[in-house]
Amino acid sequence: MTTTPDHSPLPDPTPAQETNRGADREPVGRSGSIVLVLLVAGAIVAAAVGFMVLGKSQAQPYILGLLAVLAMVGLFGLFAFAAGLIRIADRAVDNPIMRPIADHAFDGLAVTDSRGYVIYSNIAYRTLTGATSAQDVRPVERVFIGNPDVSEAVFRLLKASREGKRLQEEVRVAGADGAPGRWLRMRVRPLDGNKKNARLSVWSIADITRDRERQEDVFQELQHAIEYLDHAPCGFFSVDPKNELVYVNATLANWLDHDLAEIGSGGLKLGDIVAGDGAALLTSIVPAPGEVKTEVFDVDLKMRNGRTMPARLYHKLAFGADGAPGASRTLVISLARNERADPQRTADVRFMRFFDHTPMAIATVDKAGVIVRANARYAKLAQGLKPGSASSASILDAVHERDRPALAASIAMAAEGHGDIAPVDASLDSASERWGEFFVTGVSEPGDAEAAIVYLLETTDKRSLESQFAQSQKMQAVGQLAGGIAHDFNNVLSAIMMANDFLLNAHKPTDPSFQDIMQIKQNATRAATLVRQLLAFSRRQTLRPQVLHLGDSLSDLTMLLRRLIGEKVKLDLVHGRDLWPVKVDVSQFEQVIVNLAVNARDAMPDGGKLTVRTANVSTQDVERLSYKGMPAADYVKIEVGDTGTGIPADLVDKIFEPFFSTKEVGKGTGLGLSTVYGIVKQTGGFVYVESELGKGTSFLIFLPRHYPEKDVVSEIPAAAPDAAKPQQTPAAGKPAAQDMTGQGTILLVEDEEGLRGLNARGLRSRGYNVIEAANGVEALEALEENQGGVDLVVSDVVMPEMDGPTLLTSMRSRNPDIKVIFVSGYAEDAFAKSLPENQQFAFLPKPFSLSQLVAAVKETMAGQ
């Protein structure tokens, strides 16, 4: 045998060693005799008695001689024992039963020491290695030296022997002089864990040629069977419980134009070769523990090129003791061959395609509702139901318990021959909310097992759309009502605030009625805040959106939120990484977060945790989340969650309605969440709520991602700042009075007579010449009468006969440079879209004070 560099050949043993090992290989059995022991003992006792008879003086020489002889025998015995010439017999080794078992074992056995010398071998080993005598025994590596087919395996075995490991190799040894070769199984292992035998190895060699021949015969027979099955005139496939194809014969692969190499490697699934919902039929068999079921299905198989082939499947499926299905055995008969020559087959194929490919689920049932036959669409629909419902043989189990009596009554009516049975709208027994409409008709053949035909059309999406539309209509109607009320209130509040300003100007702070006038102003301001909330819900308020990063904005709100929620509630802000920018009105966004934080605080009277979490949500994530009404796009999500009392399920759909509140009287206006809803919607986002009673509530806000390249710079100037707020001069820490007077002619257009009069009075008090008009028509007439004399037009937006945008268009056609301020309780976006592009105008939202009106007029006349 060729050895590796780190494994030198073993030296040849000396003749003395071979003789000793031969003696070890054929040890002579040692038999002890008690008679000999007794004879020696008797001789010694007789000598002792003889010495006593002779006397001490005469026996002394004999005693010394006997002792000398015994001492010499003992000394030579010790030397012989030390040299190994004498051994103490081991009764376990010399066991007359165990020794023959090893000597006459069928497998060749040999024991080698640490140097590789054979210290024991049985008869089978000598026969297998070709040894003619005990002295001719060689170790395994010397037997197969020079044989390239075996040398590598022997080297691995020899290495395992030196490392004290177990190893097994099977090798084929070529026969000598044309003799047939042999298969040998060679093993090596340590003798035992005993320290004495730690370096001894046990080798075994077994001739497994017959076993190999039998295996090859079986393999050949299996190959022939596979060839017969592969080239049978029918198809065959097997599918595992995961619906993965584990075997397809060549005939079926040829029909479907699939590569056999793809089969069994996870490349194909059942749905890849069965068209439509046909795969659901094969997986719809009701489990029966410990049984084997065979069902016949007519389906369309799908070819690689997308075409279909009609086929009949004999589907055999075995179930385990626990009801779990095993791998199937499915025979495939093609129905496409000679289809034209067989009209009956043509009719069967057409009916199969009509029955299985219809978009409506169909099942035939008996009088008790047990399914006799069902199409593929029903099988697929049933798989989406609860496990007990999907595996049941009764169609009643597919329906929620409360709706089963109605469906059972319809089936009973059909079985009795009734016609025109009303459809049954029922809830399906599913983990999620699903609905279906059942149409039941009778079977005309009397005595047939099929009593009725049930058609099922799932209406879940339809109901969802109807619910969304109804909710949208309701919110839109409430929004229109709220917006209309807010608009009228703005006019009233504008008049109140304007008149209040006149009163404040006419009274000094020392006047007894001054405090009452201030109280009127404070309440008017509070009323204006409520109106803004109504406008926010109706999405008609004015927004000033700007691009911002939510992480920075929320961080700026931290101190405010902590003061709002108090010490009992812990605030936790979790910012997502690399948040996308959004475009929102900063103040309105802060209002949204504050409203949600206040609601969360009120829901945790005993304290808790308020979490504000942000994250990016990609288009793929949105598709997976499937929130109703939210299109797939990139969003930034803001989640505001609490650990409070939660919201009852029957109230979740009402929380965004204005004036709806679960708080006690006087502790809330019911506009907090409606304001959130309106602001988010007007920003182009979406808001959803998830709540579990007793565990808490989470509001999920999705704001659309802002793309800088799509940003459009607005041409509309911002509303005038509040001129009533004093400005600090650098020199003195006292507010400096602004010059609110001016000159020029102003055309004031307002349909509310009282408000128009107050506004005109205020402007005249500041030095302006005011021309009043009640609507757009009068404004155009006044403009004609004062051609070139009008410096500014202050107009309402919603007016009879002619609204503000129409008036602006008409005026600009006559005087393109005329300056215009629109005042309205609605958002400027509500009417700006009806104007031609690039129209310049200023906007002042109602309600406003006299100082705000005068400041807007002065700024517009100076800069527009």
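Listed values, structure above:
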quantity	calculated
Accessible surface of MET413 - all protein chains present, 1.4 Å probe, nearest 10 Å²	80
Where labels lie 7 Å past Cα in the beta-carbon direction, separation of ASP621 and ARG166 in nm	5.4
Amide N proximity, segment 108-128 versus ALA179 label position 7 Å along Cα-to-Cβ, cut-off under 12 Å	127-128
Area of GLU784 that stays accessible when all protein chains are in place (1.4 Å probe, Å², to 10)	90
Sites ALA393 and TYR688, calculated FRET efficiency, Cβ-Cβ separation with R0 51 Å, nearest 0.05	0.80
Residue-level accessible surface for THR558, protein heavy atoms, 1.4 Å, Å²	30
Using a Förster distance of 35 Å, the FRET efficiency for ASP420-MET630 (Cβ separation, nearest 0.05)	0.25
Extension reserve of the ILE97-VAL296 stretch, reckoned as 0.36 nm per residue once the Cα distance is removed	65.2 nm
Full-extension gain in nm, GLN522 to LYS269, via 0.36 nm per residue minus C-alpha separation	83.8 nm
Cα-projected label distance for THR745 with MET303, points at 7 Å along beta-carbon direction, nm	8.7
Of LYS628/LYS846; LYS367/LYS628; LYS269/LYS293; LYS380/LYS695, pairs whose Cα-Cα distance is over 30 Å	LYS628/LYS846; LYS367/LYS628; LYS380/LYS695
Ranked by how many other beta carbons lie within 10 Å on average, peptides 72-78, 170-176 from highest	170-176, 72-78
Accessible heavy-atom area order of HIS400, HIS104, highest first, probe of 1.4 Å	HIS104, HIS400
Rounded Å value of the spacing that divides the Cα centres of segment 295-317 and segment 580-623	53
Shape call, segment 393-434: gyration tensor on alpha carbons, a/c limit 1.5	prolate
Tensor-based shape of segment 129-179 (alpha-carbon gyration tensor, a/c under 1.5 rounded, otherwise prolate or oblate)	oblate
Calculated FRET value between ALA409 and ILE333, using beta carbons and R₀ = 45 Å, to 0.05	0.65
Placed amide H near SER824: partners under 5 Å, 5+ positions off or other chain	LEU844, LYS846
Relative contact order, percent, segment 121-199 [alpha-carbon distance under 8 Å, six or more residues apart]	19
Separation of the ASP552 and LYS367 label points, Cα + 7 Å toward Cβ, nm	7.9
Phi-based couplings in Hz for segment 740-753 (Karplus 6.51, -1.76, 1.60; Gly and Pro marked x)	9, 8, x, 9, x, 9, 10, 8, 9, 10, 8, 7, 7, 4
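The values are calculated or read from the model by the stated rules, or taken from the named source; none is laboratory data. Bear in mind that the values here come from a model prediction, so they are computed numbers and not experimental data. All Cβ positions, even for glycine, are placed from backbone atoms using ideal geometry, and neighbour counts span all protein chains on display. With ligands, DNA and RNA removed, areas are computed over all heavy atoms of the protein, side chains included. Shrake-Rupley method; radii C 1.70, N 1.55, O 1.52, S 1.80 Å.
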